[in-house]
Amino acid sequence: MSTWTPMTGPTTAAGRAQDHPPTHAASDAPLPEPTGVGPAASGSLRASDADRDQVAALLSAAYAEGRLTHEEHDERLERVVVARTFDDLIPLTADLVPLDAPSASVASTPSTFVVGTGSNTEVDRMIAVFGGVERKGRWRVRARSQVTAVFGGVDLDLREADFDAPVVELNVQACFGGIDLKVPAGITVRSETVNILGGTEVKNLGEPVEGAPTLVIKGIVLFGGVEVKGPRPKRWGRGVTRADGVAKHRGWGGGCGGR
């Protein structure tokens, strides 16, 4: 008498039940590629103020070297200000430095001065005759400039300016007029003017800073005055000194267009 045994799966040729498929099939099939993985933070990482400042410095250096036009420089700076992530900053310097070393060019500049190579030979001329000339804010100081003040006044603020060359030359002609220059701390100034019943005064420059440009002043001062001033030194906890009340040209330029 035979007994009946229920079958729980497909039957093999030997009549044995097989509960699972052959194990070698899983090892032979290719594994699917993983998805949704990658760097935890890449271009989407939020940029800091220091990152934006670094990119802005690089753009200013490229502008001083002539690799960016004035319009391109201003447009990219506006985009730096509103940048929130590295994806916003990277395109602004992609055509200026390699992407794998964006900070190398900036790190090579030891100071905040933007100084060009001096390749631009164009002469910048400023003339004030019975009138005045004023420049301030962000502007470019050419390698060679000529300033004429005849019964007039010229006021040049170099504290935020970019310099076309490591050594910039300013040729002055002051006749019954005054020329005032405000310069940033750390700059080197050499006065080589010829003064006839007039004078050239340089003060408050402080110690020279590495990477700062040199300003050479040449020309003739006749019945007029040239004054070069760095930032005022602080004394007694205030931003003024005893000399701040002294007339700008000590009498020899104030009545002829000096301010």
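Shape annotation for region 140-212: C-alpha extents along the principal axes are 36, 23, 18 Å, from largest to smallest.
One compactness figure for region 67-221 is 1.23, namely its Cα radius of gyration divided by 2.2 N^0.38 Å.
What translational diffusion coefficient, to the nearest whole µm²/s, does region 108-171 have by Stokes-Einstein, given a Kirkwood radius computed over alpha-carbon pairs, a temperature of 4 °C and 1.567 mPa s viscosity? Diffusion coefficient, whole number: 103 µm²/s.
Values quoted throughout were computed directly from the atomic coordinates according to the rules given, and no laboratory measurement underlies them. Since we're looking at a predicted model, the values are computed, not measured.
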